[in-house]
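Every number here is computed from the coordinates shown, using simple stated rules; none is lab data. All of these numbers come straight from a predicted model, not from anything done at the bench. No Cβ is skipped: glycine too gets one built from the backbone with ideal geometry, and neighbour counts run over all protein chains shown.
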Amino acid sequence: MVCYVVPTVAALIHGAMRKNFDSLKKNTYQLWLNLMLAGAGIFGFIDHLWNGELTLIGPNLASDLLLGVTITMVTVALWAVLVTVDKAKHKHAVKA
């Protein structure tokens, strides 16, 4: 039930880091990551709200937390793919 909390906390921590570090604040890719993590948390929250499962403590807390970590890691992996594709696209555009 708490799987949506992990990406939400990751988005909050990353957002605080972006606010305090100029190198992260000005980086578009870091903005993308923050938005994707927030989106994952919001999606999880809406999904649990829709299904009436909005309790914080479920019957298997460890499994729920592991699912939240998995969601967060998949989000970060997809972000890395997007950044790689975008950098390759810009590198190719500069050569042309």
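Net charge around Leu33, counting only other residues with Cβ within less than 15 Å of its Cβ (Lys, Arg = +1; Asp, Glu = -1)? Residues close to Leu33 contribute a combined charge of +4. Here semi-axes √(5λ) of the Cα gyration tensor in Å was computed from the coordinates, and among (1) 53, 11, 8; (2) 76, 20, 9; (3) 31, 15, 10 the match is (3). What FRET efficiency comes out for Val74 versus Ser23 if R0 is 25 angstrom and r is the Cβ-Cβ distance? Round to the nearest 0.05. Result of the calculation: an efficiency of 0.45.
Averaging sequence separations of C-alpha pairs under 8 Å and six or more residues apart, then dividing by the length of the chain, give the relative contact order as a whole percent. Taking the mean separation of contacting Cα pairs over the length of the chain, I get 44 percent. Amide H contacts under 5 Å for Gly58: Val2, restricted to partners 5 or more places along the chain or on a different chain, H placed in the peptide plane at 1.01 Å from N. For the chain, the longest principal axis of the Cα atoms and the long axis of helix 28-50 meet at an angle of about 20 degrees. Between the helical axis of 5-20 and the longest alpha-carbon principal axis of the chain there is an angle of about 40 degrees. Computed from Cα positions, the angle between helix 61-95 and the longest principal axis of the chain comes to roughly 10 degrees. FRET efficiency for the pair Leu66 and His92, taken as 1/(1 + (r/R0)^6) with r the Cβ-Cβ distance and R0 = 41 Å, rounds to 0.60.
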